[in-house]
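The values are calculated or read from the model by the stated rules, or taken from the named source; none is laboratory data. Remember, predicted model here, so these are calculated numbers, not experimental data. Note that each Cβ is placed from the backbone with ideal geometry, even for glycine, and that neighbours are counted across all protein chains shown. Heavy atoms of the whole protein, side chains included, go into the accessibility calculation; ligands, DNA and RNA do not. Shrake-Rupley method; radii C 1.70, N 1.55, O 1.52, S 1.80 Å.
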Amino acid sequence: MQIKTDMLPPGLLYEEKRLQALQRYDILDTLPESEYDDIVQLAAQLCGVPIALISLVDRDRQWFKAKAGLPGVSETERCVSFCTVAIEREHVLVIEDASQDARFSANPLVTGAPFIRFYAGAPIQSEDGFTLGTLCVIDREPRVLGEEQRRNLLALKRQVELLLKLRLQVKQTEARNRQLLESSGDAVFLLDEAGRVLELNPVAERLLGRGASELPGASFESLAPENEREPLRQSLQALLSRGTVRLANQGLCTARGERISLDFAASLQEVGSKRRLLLVGHDLTEKRRLEQQSIQNDRLASVGALAAGIAHEINNPMAYVLSNLGYLQGWREDLERQLAGMPGCPSHLADLLVEAKEVLSESLDGCKRVRDIVRDMSFFSHAPDNALAPVNVNASLDFVLRMAHSELKRTATLEKDYDGGLPPVFACESRLSQVFLNLVINALQAMQPGSPQRHTLRVRTTREGGFVRVDVSDSGHGIPPEVLPRIFDPFFTTKPAGVGTGLGLSISHSLVQKMGGELRVRSEQGMGTTFSLLLPLGEHAAEPRTVLAS
């Protein structure tokens, strides 16, 4: 029950504050502790008595934290306790013969078990001056407390006060650790002196993919990759001697065997007679993702600036070349028709005209390829003109699959898994079709043509929160891990020279980003690749977001 102390008279006000001070130690009804037991044993020996107690005075009882010579008794009523009188004094209360003392002669502890005659109690005080109880010695025979015994009793009660002070410090330290474990946005680990995990917070659980029940007792060193364990062990040893250390870019292994990187600030904590190692780790994974994204954005910006200049310098002369090649192609065709109607035309002229046809055709194809490259590059310097609007994803995918039908039927079997109840996404339909077509063509090129029964192209749609998710999967050769981080880089390609511009995925990535979505990739060599698009629903249109790879 909470008592309003501001309404109490001075005597009761002091008592309430004294009880509050006692409660702060959280010691009542705790298990025996050897440190306290040793003190009462020594007090009984030095004072030459059979009974010694550390007695804490609660509201209606006195409770014994430690006792010697009084088996089977853990507390007595406060109204009959000697300690109630002792805590009202600043010095040792000595009763040489309780049967002759008017205050205690009728006390049931005097007239009955344990038949107290001699009592000496030294008051135990809190740091803020409130008396919590006593260290007392008791005999069943009258006696006198010698001066040396009095000094010994006072020295021992100061040891009790020191233990209580340490207890309070531990309790504050534990409260701070608990608050840090529960509220920190970083990963927090609490280790024992040997480096074994005692506790970890939810952030650490999430990063490692392991529950709190799995790790306590495990060596923290064992959570690191094998080649990083020895440096980590040395750092923990240094922590015991220095008090603080920092661990930069420390790797830990997740439950899936993946390495995550953290910057740790570690400190040594003295918790009573025990030492604890507190490690607070900041996850570098997101930081590095943002750094990579920044690099990617810088690259795209550079390409945009370059593309604007290149498009201006190349488009005009390319138009002249294409026009002239078209004229020459028409002139050759006219010449071929005229010569065909002339008798006795030399055969070598006919051969030259055939060769000229091939040269002109190759030249036109090459110039058109240059024109297409410039057109794709110009995308980086100009945002799409098309406005965003609700788009039916399933219908858009079907349109693209029809366009790729001839290539698809030669390469793979199609498996479609559409969510028929999908709401529309907020996108540019023509640009979205461009992305879908690029991903489908890439998937088909990753599989060997000519054996459709051996390969599968899977296209799946589903709803995921405020987004529609589209997965385009192939059963091809997969992407090597060292290549995966670069697949969205402009001009990067694994195709042979002259095949592809290396801009398809970069453009797709940027298009999805501009539509407020995410483009992810997951690949395993020999097992295939899956590209996943997350596109915002019409009512969840958001600012552009990107995830490079996951």
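Specify which of the listed residues (117, 61, 78) is modelled with pLDDT of 95 or more and touching a helix residue (DSSP H, G or I) at 6+ places or on another chain (Cβ under 8 Å). Being modelled with pLDDT of 95 or more and touching a helix residue (DSSP H, G or I) at 6+ places or on another chain (Cβ under 8 Å) holds for just one of 117, 61, 78, which is 117. The requirement of being at pLDDT 75 or above, within 21 Å of residue 507 (Cβ to Cβ) and either part of a helix (DSSP H, G or I) or within 60 Å of the chain's Cα centre (by Cα) (or both) is satisfied by residue 368.
Pairing each residue of region 508-525 that is over 23 Å from residue 429 (Cβ atoms) and open to solvent by 10 Å² or more (accessible area, probe 1.4 Å) with any residue that is of a type in the set (Val, Ile, Thr) and not in a helix (DSSP H, G or I), provided the two are 6+ apart or on different chains, yields C-beta distances under 6 Å for 522/530; 523/479; 523/529.
Could we say that residue 220 is at pLDDT 90 or above and within 23 Å of the chain's Cα centre (by Cα) here? Considered against the rule, which asks whether it is at pLDDT 90 or above and within 23 Å of the chain's Cα centre (by Cα), residue 220 comes out as yes.
For region 402-442, give me each residue that is over 20 Å from residue 536 (Cα atoms), of a type outside the set (Val, Ile, Thr), open to solvent by less than 40 Å² (accessible area, probe 1.4 Å) and in contact with a strand residue (DSSP E or B) (Cβ under 7 Å, 6 or more places away or on another chain). Once the filter is applied, which keeps residues that are over 20 Å from residue 536 (Cα atoms), of a type outside the set (Val, Ile, Thr), open to solvent by less than 40 Å² (accessible area, probe 1.4 Å) and in contact with a strand residue (DSSP E or B) (Cβ under 7 Å, 6 or more places away or on another chain), region 402-442 yields 408, 412. Based on what the data block shows, is residue 28 within 25 Å of residue 154 (Cβ to Cβ) and buried (at least 21 other Cβ atoms within 10 Å of the Cβ)? So residue 28 fails the test. As for region 50-60, it holds no residue that is of a type in the set (S, T, N, Q) and either surrounded by fewer than 17 Cβ atoms within 10 Å (Cβ to Cβ) or not in a strand (DSSP E or B) (or both).
Residue count for region 149-165 satisfying the condition of being free of Cβ contacts under 8 Å to residues at least 60 places away in the same chain and either hydroxyl-bearing (Ser, Thr, Tyr) or under 15 Å from residue 37 (Cα atoms) (or both): 4. Among the residues of region 187-234, the ones that are in a loop (DSSP other than H, G, I, E, B), out of contact with any helix residue (DSSP H, G or I) (no Cβ under 6 Å at 6 or more places or on another chain) and buried (at least 16 other Cβ atoms within 10 Å of the Cβ) come to 2 in all. The criterion of being at pLDDT 95 or above and either more than 42 Å from the chain's Cα centre (by Cα) or not aliphatic (A, V, I, L, M) (or both) does not hold for residue 130.
Scan region 443-453 and tell me whether some residue there is of a type in the set (Gly, Ala, Ser), closer than 15 Å to residue 476 by Cβ, open to solvent by less than 60 Å² (accessible area, probe 1.4 Å) and part of a helix (DSSP H, G or I). Looking for residues that are of a type in the set (Gly, Ala, Ser), closer than 15 Å to residue 476 by Cβ, open to solvent by less than 60 Å² (accessible area, probe 1.4 Å) and part of a helix (DSSP H, G or I), one finds at least one in region 443-453, hence yes.
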